[in-house]
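Take this structure, written in structure tokens, and hold onto it; I'll ask about it next.
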Amino acid sequence: MEHLRDEYIKIRELLRKHPHGMSVTEVSQALGKNKHSTGRYLDGMYAAGLVEMRMFGKAKIYSPSYRVPLASLISKMEERIMILDSDLRLLVINDACLELLGKKSGDLAGQDLRYVEVADSGVHDLLSVLVGKIGDSEQVLEYPLYLDGGEVIHLHIHIVPSLDEAHHAVYVIVMVDITEEVRMIQELREREHQYRELVEMADAIILKLDKNGNVLFFNEFAETFFGYSKEEVLGRSVIGTIVPPEEYSGRDLKELIAQVCTDTDSYRRNENANITKDGRLVWVRWSNRAIRNEEDQVIGVLSVGNDISDRKEMELALLSQKDQLERKFQEIECIQRFSGTINSVMTLPAILQELVRVIAKCWSKRGPTGVRITYAGNVYESGIPDGLPFIFSQSICAGEREVGSFEVGFGGRNEEAEYYENKERLLSMFAEKIGFAIEWMEAETKVRMERDLSDKILATVDAAIFVLDPEGRILRFNRRSEELTGCLEKEVLGSYIWDMFDPAGLSESVRSYVSTLVETKRGSHIRGAWTGRDQIRRTIDWSNSVVCDDAGVVTHIISTGLDVTRQVEGEAELRRCKSVLDRLLAGEEPK
């Protein structure tokens, strides 16, 4: 290599002394070399940009190059670049490529690529591939380079056949390191795979819709929940498949879905009725996110749904009871403040009689006062002085119904008009509150009857029902629960549910299960064995629901257990009979 550099230096010095140019013959004579060797030196220098060449007739005239050499331009480029002549000899190789080959600058100039010796077997294989790909046509390939040290470099290789200014064939090889891009693509594929697994295995409904409400994606949980296969719903509108046209309340669900698909940001959270393939109405709480294209236009919706059917039914029932009780409690409080002595343990006749006494006493110090309340054919009155006129009379209304009258008479006093008006206004308020009291007592009686009915239903229903607080303490324990467990309600109220499972060694499992219900706020169904105090082993199907308040805090856990022991035994017997029948039909002797 040192000899080659010396020859290049001699030729460049010679050409500087002859700036108008020299032919190959003139250069060879001046150097004392043969024309063939000199021509090869000059061709290599020309390819490297070290000399200029122009044609004079058929002769090539070489002169010093005053431009920046091509080798200098590409030597510091990050891409690995080689330029070969038609004999596959290296004319130009940059620093990045030299580093890959484990060589120094000048070591390879003029060498045949086929015979370049490298220490790394992986690089040797790469050179063999390059030699095999060089030809008359352009080649593009991606090549994983496995180095002996274990490192892998992914190369994007571009081999371009070309001609220099003298129309000599040359081959330009550009190798771009795409290792980082390949790694990112692999990571993206792995993430996509993980995401798809997550979506398919998620314990939630996951849908992808286009902006017209047609289903583009339907995960495995959604198939199980709605009873449809992917093939049955993909490409179809959710309306008429998993969403009814309208709810029982009359809400237009067609319009709702259209708004969700076009104005998703306004419907990030929504709850609506859905329908399964077998016609069951279910409630789902949806979380929606808009899918946008590169122009930020909404092209679809990603929806994740959770079944809240049990919670919705319980929530509606609790809200109804809450509204009713709040209204009645407000009425009770109003009457209590008015009388100062009335309490909820009193009967309605006692309340009315007490009101008569209190009102009469309020004004009796100022003169004779008589008070009369008429309700349900009964008359409640204070002592009425003879000849006392009833100057105030107003109907008592319970809601919209007129249920009685309120009358007050005063005597033996002269009152100012303003004072009388205030007293009349106060008496009107008394009449209104009396109506509230009557309405409340009637409603309380009705509620008491409904509560008694609920208690009777809980006592007679053929299912074990536990009501727990968030810490797992038992609040309600019905008759069927007592029968299955052998424990009385008074024995277990206030105790932890997992204490009942301690003899079976399941205490920690039940405690963990209750914690999971509280953390996830999502109900579940399980089947398990239960051995009561009677030592009878039963199979119980448990349905567990979580009740939350308006702030999303768990307030109760309701567990309903059905004894399916006979069903399980029947199924086992059915399978046994089927097996015997199959053997009989096959001509085998039954075992």
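Among the residues of segment 210-249, which ones are outside any loop (DSSP other than H, G, I, E, B), open to solvent by less than 10 Å² (accessible area, probe 1.4 Å) and not aromatic (F, W, Y)?
Those that are outside any loop (DSSP other than H, G, I, E, B), open to solvent by less than 10 Å² (accessible area, probe 1.4 Å) and not aromatic (F, W, Y): V215, A222, V233, V243.
State whether one or more residues within segment 20-41 are modelled with pLDDT under 80 and either part of a loop (DSSP other than H, G, I, E, B) or touching a strand residue (DSSP E or B) at 6+ places or on another chain (Cβ under 9 Å) (or both).
Yes, segment 20-41 contains at least one residue that is modelled with pLDDT under 80 and either part of a loop (DSSP other than H, G, I, E, B) or touching a strand residue (DSSP E or B) at 6+ places or on another chain (Cβ under 9 Å) (or both).
Right, next: Report, by residue number, each residue of segment 562-591 that is out of contact with any Lys or Arg (no Cβ under 8 Å at 6 or more places or on another chain) and within 22 Å of D462 (Cα to Cα).
Passing the criteria: L562, R566, Q567, V568, E569, G570, E571.
Give the residues of segment 158-213 that are modelled with pLDDT under 75 and either within 30 Å of C97 (Cβ to Cβ) or among the aromatic types (F, W, Y) (or both), sorted by residue number.
Listed by number, the residues that qualify are D164, E165, A166, H167, Y195.
With a cut-off of at least 3 residues that are open to solvent by 40 Å² or more (accessible area, probe 1.4 Å), name the strands (runs of 3 or more DSSP E) lying wholly within segment 88-166.
Hits in segment 88-166: 139-146, 152-163.
Further question on the same structure: Looking for whichever is open to solvent by 60 Å² or more (accessible area, probe 1.4 Å), modelled with pLDDT of 80 or more and of a type outside the set (S, T, Y) here; the options are R337, R327, R280. Which one fits?
Answer to the check: R280.
Any residue in segment 121-150 that is touching a residue at least 60 places away in the same chain (Cβ under 8 Å) and of a type in the set (D, E, K, R) sitting within a Cβ distance under 6 Å of a residue that is surrounded by fewer than 16 Cβ atoms within 10 Å (Cβ to Cβ) and part of a strand (DSSP E or B)? List the pairs, counting only those 6 or more apart or interchain.
none
The values are calculated or read from the model by the stated rules, or taken from the named source; none is laboratory data. Only a predicted model underlies this, so the values are computations on that prediction, with no experimental measurement involved. Cβ: placed from backbone, ideal geometry, glycine included. Neighbour counts: every protein chain shown. Surface accessibility is based on the protein's heavy atoms, side chains included, excluding ligands, DNA and RNA. Shrake-Rupley method; radii C 1.70, N 1.55, O 1.52, S 1.80 Å.
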